[in-house]
Amino acid sequence: MKLLKKVIAAALVAGIAGQALAADLKLGYLVKQPEEPWFQTEWAFAEKTGKELGFEVIKIATPDGEKTLAAIDSLAANGAKGFVICTPDPKLGPAIMAKAKSLGLKVVAVDDQFVNAKSAPMTEVPLVMMAASKVGERQGKELWTEMKRRGWKLEETGVMAITANELDTARRRTDGSMSALKAAGFPAKQIFTVPTKSNDIPGALDAGNSLLVQHPNVKNWLVIGMNDNTVLGGVRATEGNGFKPEKVIGIGINGVDAVTELSKSKATGFYGSLLPSPDVHGRTSITMLYDWVAKGKEPVKFVEVTDAVLITRDNFKAELKKKGLGG
Ligand code: GLA
């Protein structure tokens with residue numbers, strides 16, 4: 001009897017402790033550009049997952065290296081056990097991993113892969129990312145299709161490709177897009193590239209402007225970039241240089257970042273966007289971390305999220321709704 005009581009008491013204590021542990025579990029979610037709806041969507045779905053599985057998500061904006069390292073310290077001070085991160089700079093990978101290790105935190109990377117001091121991908125860090133080359137190829141194919149539909153003459157058309165080649169996922173997207181256009185029959189000599197200094201609309205606008213002044217004879221433009229903001233910056237540059245919307249086709253990537261543009265009462269040169277799955281990125285990355293921290297289940301090293309749907313002014317509301325992304 002006495003023993004039974006002891007066993008019951010021990011079980012109760014263990015049960016309560018177990019519950020307390022789950023309720024207290026904190027996991028970080030650090031993103032480089034919180035102003036992008038892409039990252040807001042990842043955050044929202046990570047939080048949703050936390051509510052379902054019983055942990056708290058600490059969301060921190062980390063636009064630079066200093067803020068990133070400070071965020072990791074503050075997570076540890078708050079008792080978090082690990083974090084998901086889209087790093088502001090892939091080269092921070094070794095510093096992020098060293099700090100996380102010293103504080104006993106587990107790390108899952110999302111969207112942008114870390115690189116080591118030799119610029120090689122840090123494949124040892126679990127990563128959730130979009131199928132960059134495939135989505136890029138799709139961008140090129142859709143641009144070709146819309147150009148054909150508009151009946152543009154090839155010799156009057158140029159490609160404005162705004163690149164960010166130091167970021168592997170960006171390079172693979174724009175490379176994929178240009179390859180698909182060439183494969184479809186677009187002349188390579190009419191594809192012009194320009195690097196952007198920053199991955200936002202103002203950076204891409206500057207890049208686009210500098211490209212346009214060099215090619216005054218082009219009548220129609222196809223605009224390529226690694227995400228919606230890059231393409232939006234390019235489209236804004238065409239507008240500033242006097243191109244009418246019907247002379248420009250820009251197709252972005254991210255989808256959720258294109259909602260404001262596609263909602264405008266009049267069509268612009270921004271034709272549409274490829275919508276991948278920010279919801280899946282947020283949910284999968286945080287679940288991998290949770291399983292690792294709470295259940296000791298080692299995550300797989302690489303999860304590639306495929307499939308993207310083309311959203312335009314005609315279908316974006318319905319497509320976002322289908323994915324549970326509102327709109
Ligand atoms: C990069 C881009 C984001 C988004 C993600 C998707 O981080 O900067 O805008 O496209 O990739 O993985």
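None of the figures in this text is laboratory data; all of them are computed from the coordinates on show. Just so it is clear, the model here is predicted, and its values are computed rather than measured. Here the Cβ positions follow ideal geometry from the backbone for every residue, glycine too, while neighbour counts run over all protein chains shown.
So the values come out like this:
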quantity: In Hz, Karplus ³J(HN,Hα) per residue of the stretch 240-247 (6.51, -1.76, 1.60; θ = phi - 60°; x = Gly, Pro); calculated: x, 9, x, 7, 6, x, 6, 9
quantity: Overall Cα dimensions of the chain, principal axis frame, Å, largest first; calculated: 92, 43, 31
quantity: Likely footprinting exposure, Thr87, Thr287, fewest C-beta neighbours within 10 Å first; calculated: Thr287, Thr87
quantity: Ranked His215, His281, criterion: other C-beta atoms within 10 Å, fewest first; calculated: His215, His281
quantity: Dipole axis of the stretch 46-97 (+1 Lys, Arg; -1 Asp, Glu on Cβ), positive-most option in Pro63, Cys86, Leu53; calculated: Leu53
quantity: Loop trypsin sites (Lys or Arg not before Pro), the stretch 113-203 (other Cβ atoms within 10 Å of the site Cβ: 16 or fewer; DSSP); calculated: Lys118, Lys153, Lys197
quantity: Under 27 Å, Cα to Cα: Lys pairs in the stretch 88-153, sequence gap 8 or more or different chains; calculated: 12
quantity: Nearest-ten-degree value, helix 168-184 long axis tilted from longest Cα axis of the chain; calculated: 40 degrees
quantity: Coil-residue trypsin sites (Lys or Arg not before Pro) of the stretch 286-326, DSSP, other Cβ within 10 Å capped at 12; calculated: Lys297, Lys301
quantity: Fewest-first sequence of Asp291, Asp228 by Cβ atoms within 10 Å of each Cβ; calculated: Asp291, Asp228
quantity: Angle in degrees between helix 201-213 and the longest Cα principal axis of the chain, rounded to the nearest 10; calculated: 20 degrees
quantity: ³J(HN,Hα), Karplus 6.51/-1.76/1.60, whole Hz, each residue of the stretch 55-72, x for Gly, Pro; calculated: 9, 9, 9, 9, 8, 9, 7, 10, x, 8, x, 4, 5, 5, 5, 5, 5, 5
quantity: In the stretch 141-222, GluC sites (Glu not before Pro) in a DSSP loop with at most 13 other beta-carbon atoms within 10 Å; calculated: Glu166
quantity: Extension reserve of the Leu154-Asn78 stretch, reckoned as 0.36 nm per residue once the Cα distance is removed; calculated: 21.5 nm
quantity: The chain, dipole about Cα centre (Lys/Arg Cβ +1, Asp/Glu Cβ -1), debye to the nearest 20; calculated: 680 debye
quantity: Rounded to 10°, Cα long-axis angle of helix 132-150 versus longest principal axis of the chain; calculated: 30 degrees
quantity: Cβ charges +1 (Lys, Arg) and -1 (Asp, Glu), total dipole of the stretch 288-327, debye; calculated: 180 debye
